[in-house]
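Here's the structure we're looking at; comments come further down.
The values are calculated or read from the model by the stated rules, or taken from the named source; none is laboratory data. What you see is a predicted model, and the numbers here were worked out from it, not measured in a lab. When we count neighbours, we look across all protein chains shown, and the Cβ atoms used for this are built from the backbone with ideal geometry, even at glycine. Note: areas computed on protein heavy atoms with side chains; ligands, DNA, RNA excluded. Shrake-Rupley method; radii C 1.70, N 1.55, O 1.52, S 1.80 Å.
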Amino acid sequence: MKKYYLLIILAIIVPITLRFFDANFLDQRLVNYVSFLTVWGLISLAVILGPYKEGPFNLPVKLIFFSILFSIVMANYSWDQKYWDSLIEYTQYLIWPLFFVLIGVNMPIKTIEKVVVAYGLVYVGLYLFQYINSGTVFFGKPLWGEEFLESRGTVRIIFPAKGVFLLSIFIAITKITSEESKNKWFWVIIAALGLVIPIMQVTRQYIAGVLLIYVLHFSKATSNIKKALFLLIFSLGFMVLIQSEIPMVKGLMDTQKESDTRVDENYIRVLAGKYFITDLSPNFWSQVFGNGSPYWGMSTYGKFIENLADRKGYFLSDLGLIAVYAMFGIFAVAGYILIWIKSLTVPIPPKYHYAKYYLWYLLITSFTGASLYFYHYLIATVFALYIFQKSYWMESKKRKIINLIKILETDKPKELK
């Protein structure tokens, strides 16, 4: 019975932390209140349930969370942003204590998998609904203006809650090659959607990140002959695709050609990165602990950052790890680096490798976009870290039992052997 209660609670928490897929038809004040109460409720519960069993990700999660929390002080100290403004702005970043709540209640991995896959399918359904009804903005926000416009050969909709979708497709590809999994046709369908949806959204780093993880997984999970065959089919398919007349593909190719002509010192992201690293911080302490997250367009700090975006095209949301440093300081960056190091060095069973893949996707896209800190990704990041850590504990326990059996076998009297 406990498992069903946990499943229901988790199923409620996910859409709240995703702000209900940025549904524009909901009262945003109500969404803000519910999100605020949920996040601070999780923080309180994390304190109550402690102390926690030590694990590889406890320290990096603490580093990131407390860096974010302390940057509220820095936003006030360096930019005179009011604490109330920061509390409103910061609700989206403070989901990290859910990691410790999951440890405290010993959340089953299967429960998280069910919730993630279910909301991954919800993501697909809502995205297709919005795509079909692109004339009205039901979910998310257009890249330009007040409606979704055609760009790169299609109506381009960057749909909210991408993190849950990514984790669900990485679960799917892992299940496909797992001998234990059943209903593989179901996982094949989800994995296929993991290729179709990014292409429909025509975002290069999104497509490249997903393709790289797919190639990595399927090439290592097969025999040498199958591996060579897979790479051959993939290469031929890719060549046919880029030579096709599909509008979305042509749009991507044209965008890439435009980018290739301007990758130099004056490229806007390079200039923005330099500015946010070297010029934004008004004092030494902000260089160490960050400037805090600006309350966009509302506080003095928020208006300054908005003005930078409007006048110079300097967007924090384009800069990944640089944005993390600018807002939350060097210890938050150190937290992410520790996560990636441990994701490469800490062993877990192959059936949970999807947690690695999600963290590696964040690494691949860590210098572009907002996947490291935006609420569209954070709940999936917390799930991936928890699954990784719990599966590591399970594997360690299994190894200890095996080693104990070996010792007992070795110590048996000769006449019993």
Residues located in the stretch 266-311, provided they are open to solvent by 60 Å² or more (accessible area, probe 1.4 Å), among the polar types (S, T, N, Q) and under 21 Å from Y83 (Cβ atoms): T300
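Answer yes or no as to whether T174 is open to solvent by 30 Å² or more (accessible area, probe 1.4 Å), among the hydroxyl-bearing types (S, T, Y) and either over 16 Å from Y377 (Cα atoms) or touching a strand residue (DSSP E or B) at 6+ places or on another chain (Cβ under 6 Å) (or both).
Details: open to solvent by 30 Å² or more (accessible area, probe 1.4 Å): no; among the hydroxyl-bearing types (S, T, Y): yes; either over 16 Å from Y377 (Cα atoms) or touching a strand residue (DSSP E or B) at 6+ places or on another chain (Cβ under 6 Å) (or both): yes.
No.
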Criterion violated by G163 - all others in (1) assigned to a helix (DSSP H, G or I); (2) in contact with a strand residue (DSSP E or B) (Cβ under 7 Å, 6 or more places away or on another chain) satisfied: (2)
Condition broken by Y314, with the remaining ones in (1) closer than 27 Å to I364 by Cβ; (2) in a helix (DSSP H, G or I); (3) open to solvent by 10 Å² or more (accessible area, probe 1.4 Å); (4) in contact (Cβ under 8 Å) with a residue 24 or more places away in the chain satisfied: (2)
Of all residues in the stretch 341-350 being without any contact (Cβ under 8 Å) to a residue 60 or more places away in the chain and of a type outside the set (V, I, T), the one that is nearest to G369 (Cα to Cα): S343
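Which members of the stretch 18-35 meet the condition of being touching a residue at least 12 places away in the same chain (Cβ under 8 Å), farther than 13 Å from V116 by Cα and either assigned to a helix (DSSP H, G or I) or open to solvent by less than 20 Å² (accessible area, probe 1.4 Å) (or both)?
As a first pass, look at the stretch 18-35 and keep what is touching a residue at least 12 places away in the same chain (Cβ under 8 Å): 18-19, 21-25, 31-32, 34-35.
If we keep only those that are farther than 13 Å from V116 by Cα too, we end up with 19, 21-25, 31-32, 34-35.
Those that are touching a residue at least 12 places away in the same chain (Cβ under 8 Å), farther than 13 Å from V116 by Cα and either assigned to a helix (DSSP H, G or I) or open to solvent by less than 20 Å² (accessible area, probe 1.4 Å) (or both): R19, F21, D22, A23, V31, N32, V34, S35.
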Flag for Y352 being open to solvent by less than 20 Å² (accessible area, probe 1.4 Å), assigned to a helix (DSSP H, G or I), modelled with pLDDT of 95 or more and of a type in the set (F, W, Y): no
Close pairs (7 angstrom Cβ cut-off, 6 or more residues apart or separate chains): at positive phi in the stretch 325-340, open to solvent by 10 Å² or more (accessible area, probe 1.4 Å) anywhere: G329/S67; G329/V288; G329/F289
Hits in the stretch 46-74 - residues which are at pLDDT 95 or above and open to solvent by 50 Å² or more (accessible area, probe 1.4 Å): L59, K62, F66, L69, F70, V73
Residues (of a type in the set (V, I, T), part of a helix (DSSP H, G or I) and in contact with a Ser or Thr (Cβ under 7 Å, 6 or more places away or on another chain)) located in the stretch 115-156: V116, V117
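Go over the candidates L42, L87, L6 one by one and state the one that is buried (at least 19 other Cβ atoms within 10 Å of the Cβ) and within 27 Å of V105 (Cβ to Cβ).
Numbers: L87 fails: buried (at least 19 other Cβ atoms within 10 Å of the Cβ); L6 fails: buried (at least 19 other Cβ atoms within 10 Å of the Cβ).
None of the other options fit; the residue is L42.
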Selection from the stretch 367-391 of residues that are over 10 Å from the mean Cα position of the chain (by Cα) and within 23 Å of Y325 (Cβ to Cβ): F367, T368, G369, L385
Enumeration of residues in the stretch 91-105 that are over 17 Å from the mean Cα position of the chain (by Cα), in contact (Cβ under 8 Å) with a residue 60 or more places away in the chain and part of a helix (DSSP H, G or I): L102, I103
Residue match in the stretch 75-82 (condition: in contact with a helix residue (DSSP H, G or I) (Cβ under 7 Å, 6 or more places away or on another chain), under 30 Å from Y325 (Cβ atoms) and of a type in the set (A, V, I, L, M)): yes
Search result, residues across the stretch 134-171 that are open to solvent by 20 Å² or more (accessible area, probe 1.4 Å), β-branched (V, I, T) and within 19 Å of Q205 (Cα to Cα): V155, I158
